[in-house]
1. Which of rounded, prolate, oblate describes segment 350-468, given a ≥ b ≥ c as roots of the alpha-carbon gyration tensor eigenvalues and a/c under 1.5 marking rounded, otherwise prolate only if a/b is larger than b/c?
2. For segment 598-703, which whole percent of the accessible surface, found with a 1.4 angstrom probe, sits on carbon and sulfur atoms?
3. Can you work out ³J(HN,Hα) from phi for every residue in segment 441-447, in order, using Karplus 6.51 cos²θ - 1.76 cosθ + 1.60 and θ = phi - 60°, giving whole Hz and x for Gly and Pro?
4. Determine, for each peptide in 197-205, 81-89, 57-65, the mean count of other beta carbons within 10 angstrom over its residues, then list the peptides with the highest first.
5. Can you list the chymotrypsin sites (Phe, Trp or Tyr not before Pro) in segment 602-689 that are in a DSSP coil and have 14 or fewer other beta carbons within 10 angstrom?
6. Using the structure shown, list the pairs from Lys324/Lys623; Lys453/Lys561; Lys306/Lys653; Lys453/Lys517; Lys417/Lys627 with a Cα-Cα distance above 22 Å, or answer none.
7. Send over a whole-number figure in Å² for the accessible area per residue of segment 312-590, probe 1.4 Å.
8. Take peptides 102-112, 337-347 and line them up by average Cβ neighbours within 10 Å, highest first, as a rough protection proxy.
Amino acid sequence: MSMMSSLKKQSSKISELAKDHVSLKSRTSYISLAGGDMDWARAKTPLIPDDQLQLTEAELQEEIARVLTVHNTRVPDSLVEWSWKLREFIKLPDPPNIVTLLSIPGTILRKDSEEAKIQLENHGEEFTARQDDMLDKYADEGYCLTVCNIVNKTIKMNLDYEEYGEYEELDETDEFQRGRPKKIPNQFNFCERAALTYDNPMRNMSTQTLPPPIATFNTHVFQWTIFDEYQEDYMLQQRERERERRLPIVHVRREETKQKEQMETIEMYDRMLKAAKTLERMVNQNIYDEIAQDYRYWNDPSDEYKDGEGSLLPLWKFNYEPTKKHDITDVCFNARYYDLFAVAYGTLTFNSSIKNGSVCLFSLKNPSYPEWICQTESPVMCLDFSVQHPHLLVIGVKDGSVAVYNIMLPPTEPQYKSNDVTQKHGGIVWEIRWAPDTQEGNLAFYSVSIDSKINYWVLNQKELSLTTVMTLFLDRPPIPGPDGTLITLKGCGTCITFYPSDEHVFLVGTEEGNIYKCNTAYSSIYVQTYNEAHNMPVYRIVFNKYNSKIFASCSGDWRIKIWEDERPDPLFMFDLGVPIGDVQWAPYSSTVLACVSNDGKVTVFDLNVNKYRSICSQAIVSKKKNKLTRLAFNTKLPFIIVGDDKGTINTLKLSPNLRLKIKPTKKQLHLTDAELERMKLEKLLSFIREPPILIPPKDVKLE
């Protein structure tokens, strides 16, 4: 009884708390509503138009049924199907008008369904004993439960008391199980995990083509039509079989099989050679990596502290083992591939024992071995690449013959060669130069020889045609011969160069040291003569790259002279004290030129920096053992190649002081580099030139 009384007191207290909670909740709701807008609680009068139809109460209560039907015009009707069983057409049911766009099976059940009731009975939420102990502990210690839990518990206890009239001694676990609704676990519960990955960019490519031709074809097919087609096809197969029986059996000859095997071996050899060549270049790039890095990035930092002086950095060395005893007689860069150059191996001494020669093509990508090798029966003295056709290489040899090679083909035989006695020079071909194409489109070139002839060669379809443009003669009176006849002295040509502005005018240097200006239209007259230009043979004449009237010449008399067209005297003259083998103008500056000498030195001049002496003179080979013979500037990169008399090519990089470019002023920013170089050279020459006739000053009477 004491237990029941305590429960009644507790229930009365809980009910009072619940009433207070409800009253507080209603009070707060009233306050919140009182403070807000009350327009929603006002009565709203409907707006009725004047002409509205008035209906009675019976008419308003009347129900009017409307049936909505769907009629899809695209759905076929009256479909029939032939029944082989009944031997008649059977009408098919009409297809449904419903189109299912999306169908997803559901996972939610209604609570009043049978399946939901079964799940409620089998899967209820159960509180563990540990949770009950925790609730009792909080109740004993005086912790307050939430208002909602207290209200729910009070309502449950009141319902139980009214139903049974008295409280039964129940465990707290049963009370909570009855008071709380059962929770149904979600059988389809799963965890979702997402990851952000890189999306590849989508590219849409579209193209438009012509539509294919369309034709309409109608026909009727019957059993006899199909039978006839099969009969025709069978007859055609029989005819083909009869033809195969009649044809003789072709036996493969042994010669054809051998030719096929040879072709396959040649193809395999070419592939292996290409692979080996690629591998060789890779190995060489690893071996010469330091030199390649210097060639690309290194510049002499000491040039900042040198006033008007520079230096040369040695890089690669190119040589070919069988030509170690040959002299390098000429070098030339390819017009299209700036890293490819040709080297001519011959001899520069008359009493030499060398009887053969070679032409080698080297590339900066492979310094260890030539890319192309051509052996000749006589020493090669000169060569030249064609500008319009970079794959054509013309050479001149010691026995007086010339030849044209295609470097894209194996160097077994030349494309053109002058073998006839009349179709060749009578001595050494010292220099050879390509000429513009003829009016018929044929290639042509010029050659100068020691036999005093300047020949013009034209490449016809199958042979070389020869025309002698001029025979050089000395500008001296004839001398009497052994039989009393007068003999005109002839000159021996050593070099030739054409004017950049006129393809018909050229300069010729001779062994006597003279320089002649000639024209292809006159074969017996010199346009101009530079008598005693040098005291020994002239080895090279080269025009300036920016001014076609300025040219330089070098000779064995130790001197370099710079001339201006139509002036008999040189503008500049430099004496090096040793024979000079070659001189070349720089392609990047109008005032820079370089030369090689017999003492193994490379000398560089810059007339804009110093008009009296060189800005660089550096020994490349030993003075006692070797001498330098030829020189060539690269047209795009800042380096030069020089050849010596031991068959070695040395590559030298120019320091920054040797390749200075003029800086434009604010008024010259619109000018190109070529125009600035011309202005620089013209300004320099204006201080050197002297008027041909000095005009005396006018007499002025002094008072």
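1. oblate
2. Of the solvent-accessible surface of segment 598-703, carbon and sulfur hold 55 percent.
3. Karplus values, whole Hz, x for Gly and Pro: x, 7, 6, 8, 8, 10, 9.
4. 81-89, 57-65, 197-205
5. Tyr612
6. With Cα atoms farther than 22 Å apart: Lys453/Lys561; Lys417/Lys627.
7. 44 Å²
8. Packing proxy ranking, top to bottom: 337-347, 102-112.
The values are calculated or read from the model by the stated rules, or taken from the named source; none is laboratory data. Given the structure is predicted, the values throughout are model-derived calculations rather than measurements. Here the Cβ is made from the backbone with ideal geometry for all residues, glycine too, and neighbour counts use every protein chain on show. These accessible areas exclude ligands, DNA and RNA; they are computed on the full protein's heavy atoms, side chains included. Shrake-Rupley method; radii C 1.70, N 1.55, O 1.52, S 1.80 Å.
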